[in-house]
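> First the structure, then my questions, so here it is.
The values are calculated or read from the model by the stated rules, or taken from the named source; none is laboratory data. The model shown is predicted, which means the values in this text are computed figures rather than measured ones. Glycine gets a Cβ as well: all are built from the backbone with ideal geometry, and neighbour counts include every protein chain shown. Areas reflect the complete protein model, heavy atoms only, side chains present, ligands, DNA and RNA absent. Shrake-Rupley method; radii C 1.70, N 1.55, O 1.52, S 1.80 Å.
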Amino acid sequence: MKGTVELLQKYYRIIIFLFFGTYFMLGLCLVRDYGVPLDEWCSLKNGTVLLNYLFHGDTTLFSFFGKYYGLWFDTLLAVLAPRFSAVDDLRTLYFARHGIIFCLFFISTIFFYKICRYQFHDWKISLLGTLFL
């Protein structure tokens, strides 16, 4: 038992790297299985309406039904997603949006791990908390 604990302590950085690497690869493989929620189209429309207002002066934003939603994240997705997909194909556009959202969440889990590590001073508890998240 003591040898196992010492072995874990010795290779904890490799274990953390393998955990996050496996999580990232698994997440990228599952992006196409997310499905399309009912508000996905609204989210896509929110981002394009704000972009049209910012770059073309289109005032549709002021009478738009989604003007009170948080538009900045949708706008970020409206800018980035077409870079990774065909603009005229909604299916690949949704896959690109889901991939970007997953990558942002993946980065947030790394920061969550670091916060747990700072709080608990133990990499095992921090990794367990990240796993539960």
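> With a 1.4 Å probe and all protein chains kept in place, how much accessible area does Ile16 have, in Å² rounded to the nearest 10?
In the full protein context, Ile16 sits at about 20 Å².
> Quick one: how many Å² of Val36 are accessible to a 1.4 Å probe, rounded to 10?
90 Å²
> Computed FRET efficiency, Cβ-Cβ of Asp33 and Phe65, R0 22 Å: what is it to the nearest 0.05? Could you put the intermediate results ahead of the total?
Values: r = 30 Å, r/R0 = 1.35.
Efficiency computed from Cβ-Cβ geometry: 0.15.
> May I have the convex hull volume per residue, in Å³, for the Cα set of segment 87-133? Mind dumping the intermediate values first?
Numbers: hull volume 2.6 nm³, N = 47.
Hull volume over Cα atoms, normalised by residue count, gives 55 Å³.
> A further question on this structure: Lysine pairs in the chain with alpha-carbon atoms under 14 Å apart, 8 or more places apart or on different chains: how many are there?
Details: Lys2/Lys10; Lys10/Lys124; Lys45/Lys67; Lys114/Lys124.
The result is 4.
> Okay, next question. Read phi for every residue in segment 16-24 and hand back ³J(HN,Hα) as whole Hz from Karplus 6.51 cos²θ - 1.76 cosθ + 1.60, θ = phi - 60°, with x for Gly and Pro.
Listing the rounded values in order: 5, 4, 5, 4, 5, x, 5, 4, 5 Hz.
> Right, another one. For the chain, what is the calculated [θ] at 222 nm in deg cm²/dmol (nearest 500), taking -39500 (n - 2.57) for each run of four or more DSSP H residues and dividing by its residue count? Working shown, then result.
Values: 6 runs with 96 residues, N = 133.
Counting only the DSSP helices, I get -24000 deg cm²/dmol.
> Could you sort Thr75, Thr92 by accessible area so the largest value comes first, with the probe set to 1.4 Å? Mind dumping the intermediate values first?
Working: Thr75 10, Thr92 45 Å².
Largest accessible area first, the residues go Thr92, Thr75.
> Once you charge only the Cβ atoms, +1 for Lys and Arg and -1 for Asp and Glu, what is the size of the charge dipole of segment 1-122 about its Cα centre, to the nearest 20 debye?
Working: 11 positive and 9 negative charges, 101 e Å.
Taking the Cα centre of segment 1-122 as origin, the dipole is about 480 debye.
> Could you tally the net charge around Ile101, taking each other residue with its Cβ under 12 Å from the Cβ of Ile101, Lys/Arg +1 and Asp/Glu -1? Numbers along the way, then the final one.
On the way: positive: Arg97; negative: Glu40, Asp74.
So the surrounding residues net to -1.
> Explain nothing, just compute: Karplus ³J(HN,Hα) = 6.51 cos²θ - 1.76 cosθ + 1.60, θ = phi - 60°, for every residue of segment 112-124 in order, whole Hz, x for Gly and Pro.
Each residue of segment 112-124 in turn: 4, 4, 5, 5, 4, 5, 5, 6, 9, 6, 8, 5, 6 Hz.
> Moving on to the next point. Taking the Cβ of Ser126 as the centre, find all other residues whose Cβ is under 10 Å away and add up their charges (Lys, Arg: +1; Asp, Glu: -1).
Numbers: positive: Lys114, Arg117, Lys124; negative: Asp122.
So the surrounding residues net to +2.
> With all protein chains present and a 1.4 Å probe, how do Trp41, Trp72 order by accessible area, largest first?
Details: Trp41 130, Trp72 180 Å².
So the residues, ranked largest to smallest area, are Trp72, Trp41.
> For segment 115-133 and segment 1-69, compute the distance between their C-alpha centroids and round to whole Å.
Here the two parts' Cα centres lie 21 Å apart.
> In Å and from the alpha-carbon atoms only, list the Rg and Dmax of segment 1-125.
20.1, 68
> Roughly how many Å² of Leu26 are accessible to a 1.4 Å probe, to the nearest 10?
Estimated to the nearest 10 Å², Leu26 gives 100 Å².
> Got a sec? What order do Glu6, Glu40 fall in by accessible area at 1.4 Å, biggest, i.e. largest, first? Could the numbers behind the result be given before it?
On the way: Glu6 105, Glu40 15 Å².
Listed by decreasing accessible area, they come as Glu6, Glu40.
> For segment 1-81, with the dipole built from +1 on Lys and Arg beta-carbon atoms and -1 on Asp and Glu ones, taken about the Cα centre, which of Tyr23, Leu44, Phe65 lies farthest toward the positive end?
Farthest towards the positive pole: Tyr23.
> Could I ask something else about it? Once Rh is set to the Kirkwood radius over Cα pairs, what Stokes-Einstein translational diffusion coefficient, in µm²/s, holds for segment 74-114 at a temperature of 37 °C and a viscosity of 0.692 mPa s?
307 µm²/s
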